[in-house]
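Scroll down for the structure; my scribbles are underneath it.
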Amino acid sequence: MREVSVGENLDQYRLTGLIARSGMASIFRAIDTLDSATVVIKIPYLQFESDVVFYGRFQREEEVGRRLNHPGIIRVLSPQQKSRIYIAMEYVEGVSLRAMLRESTLSAEKALDIARQLAETLTYMHAEGVVHRDLKPENMLVSKLGKTKIMDFGIALDESARRLTWSGISSTIGTPDYMAPEQVSGRRGDVRTDIYSLGVIVFEMLTAQLPYSGNNAYHVMHSKTIEDPRPPSAFKPDIDPRVEEIILHAIERAPRDRYASAAEMLADLLDPSRVKPRRLARLHPPNRRSRQIRRGIAYGLVAASLLSLFIFLIWFANRTPAPASSPPSVAGQTR
């Protein structure tokens with residue numbers, strides 16, 4: 001077996017162009033010779049086909065993709081037969097969300113529209129028992145019509161199938177910038193893991209920044225487990241405080257403090273007026289310098305008060321008249 005190239009046939013598909021090469025697979029545009037439809041074929045490199053973990057991930061991506069049927073998810077196709085490992089998918093003309101973010105800053109209106117679409121898709125996906133666990137701009141395609149689609153279910157948790165153990169994939173499952181703290185700690189996660197990742201993506205769309213930063217991935221991941229995130233308003237002071245509250249609610253460090261479901265987050269995104277900001281103050285504790293300044297002012301006021309009291313006591317003592325002198329003794333005097 002060898003690597004395939006443009007112009008060749010792979011089962012019922014004729015490869016017509018190379019779309020991209022990732023670290024593990026080539027992605028081709030192709031024509032289905034049975035119905036002339038344009039499709040996408042994802043073919044792993046030969047060196048990965050014999051890797052058990054990779055094979056399991058690839059199979060999972062295909063199985064989950066076939067089972068899910070939603071306009072917000074890239075549809076996975078079922079070839080009549082397969083002579084090797086690959087995934088056939090619907091072709092959608094558009095760009096990845098990552099490419100959009102590189103090109104320009106999204107308007108608040110556009111960012112919130114994408115956020116609502118993603119939350120609606122997650123609502124469907126979670127109801128089907130699937131947790132994506134690797135949501136990031138690279139795994140989201142935005143069509144020319146503005147429709148957002150999620151793809152790449154390679155490390156998804158599918159409750160309807162045999163459960164995939166954490167060690168079966170990797171101890172660092174996910175992508176550091178978008179991983180939830182519980183993933184960093186080694187837990188497999190649940191629907192709130194996807195909610196966290198969505199919150200980070202909305203944060204990035206609105207501010208062009210991320211809630212955590214560091215010199216390397218390990219620093220970022222460690223910070224997520226011990227520190228609160230920087231608020232969006234630290235980068236975009238004019239952000240709607242209600243939208244900021246939605247983001248902060250989604251990226252709480254403890255899963256129990258986040259939205260319990262994508263449906264809850266979607267409801268707030270659809271009507272931010274119902275949201276009451278209450279998390280921002282907690283993320284702005286007084287820093288050490290501010291505490292020192294306030295402590296110095298307090299000490300100065302106390303010292304000034306004591307000095308004033310001392311001066312008053314001296315003044316009061318000086319204005320009090322001295323007691324009258326006793327008359328001289330007449331004892332021993334004679335007439």
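Numerical summary
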| item | result |
| --- | --- |
| Total residues in segment 1-39, condition touching a strand residue (DSSP E or B) at 6+ places or on another chain (Cβ under 8 Å), farther than 23 Å from residue 96 by Cα and not aromatic (Phe, Trp, Tyr) | 11 |
| Segment 154-174 - residue that is open to solvent by 20 Å² or more (accessible area, probe 1.4 Å) and within 18 Å of the chain's Cα centre (by Cα) and, of those, modelled with the highest pLDDT | 174 |
| Any hit, segment 1-14, residues being in contact with a helix residue (DSSP H, G or I) (Cβ under 8 Å, 6 or more places away or on another chain), within 17 Å of residue 81 (Cβ to Cβ) and at pLDDT below 95 | yes |
| Test: residue in segment 240-255 that is more than 30 Å from residue 184 (Cβ to Cβ), among the acidic types (Asp, Glu), modelled with pLDDT of 60 or more and part of a loop (DSSP other than H, G, I, E, B) | no |
| Flag for residue 271 being more than 14 Å from the chain's Cα centre (by Cα), in contact (Cβ under 8 Å) with a residue 60 or more places away in the chain and either crowded, with 20+ Cβ neighbours inside 10 Å or farther than 16 Å from residue 198 by Cβ (or both) | no |
| Where a residue in segment 33-61 is under 16 Å from residue 6 (Cβ atoms) and its partner, wherever it lies, is among the basic types (Lys, Arg), with Cβ under 7 Å and at least six apart | 33/14; 38/29; 40/29 |
| Any hit, segment 144-153, residues being in contact with a strand residue (DSSP E or B) (Cβ under 6 Å, 6 or more places away or on another chain), assigned to a helix (DSSP H, G or I) and at pLDDT 95 or above | no |
| Some residue of segment 63-71 being closer than 22 Å to residue 141 by Cβ, out of contact with any strand residue (DSSP E or B) (no Cβ under 6 Å at 6 or more places or on another chain), open to solvent by 20 Å² or more (accessible area, probe 1.4 Å) and in a helix (DSSP H, G or I) | yes |
| Selected residue [buried (at least 16 other Cβ atoms within 10 Å of the Cβ) and at pLDDT 95 or above] from 54, 28, 48, 58 | 28 |
| Exclusive hit being among the acidic types (Asp, Glu) and open to solvent by less than 20 Å² (accessible area, probe 1.4 Å), set 245, 227 | 245 |
| Residue in segment 124-135 that is free of Cβ contacts under 8 Å to residues at least 12 places away in the same chain and either buried (at least 17 other Cβ atoms within 10 Å of the Cβ) or in contact with a helix residue (DSSP H, G or I) (Cβ under 9 Å, 6 or more places away or on another chain) (or both) present | yes |
| Any hit, segment 86-100, residues being more than 28 Å from residue 18 (Cβ to Cβ), open to solvent by 20 Å² or more (accessible area, probe 1.4 Å) and either out of contact with any strand residue (DSSP E or B) (no Cβ under 8 Å at 6 or more places or on another chain) or assigned to a loop (DSSP other than H, G, I, E, B) (or both) | no |
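The values are calculated or read from the model by the stated rules, or taken from the named source; none is laboratory data. All values derive from a computational prediction rather than experimental measurement. In this analysis, Cβ positions are derived from the backbone assuming ideal geometry, glycine residues included, and neighbour counts consider all displayed protein chains. These area figures cover heavy atoms from the full protein model, side chains too; ligands, DNA and RNA do not enter into them. Shrake-Rupley method; radii C 1.70, N 1.55, O 1.52, S 1.80 Å.
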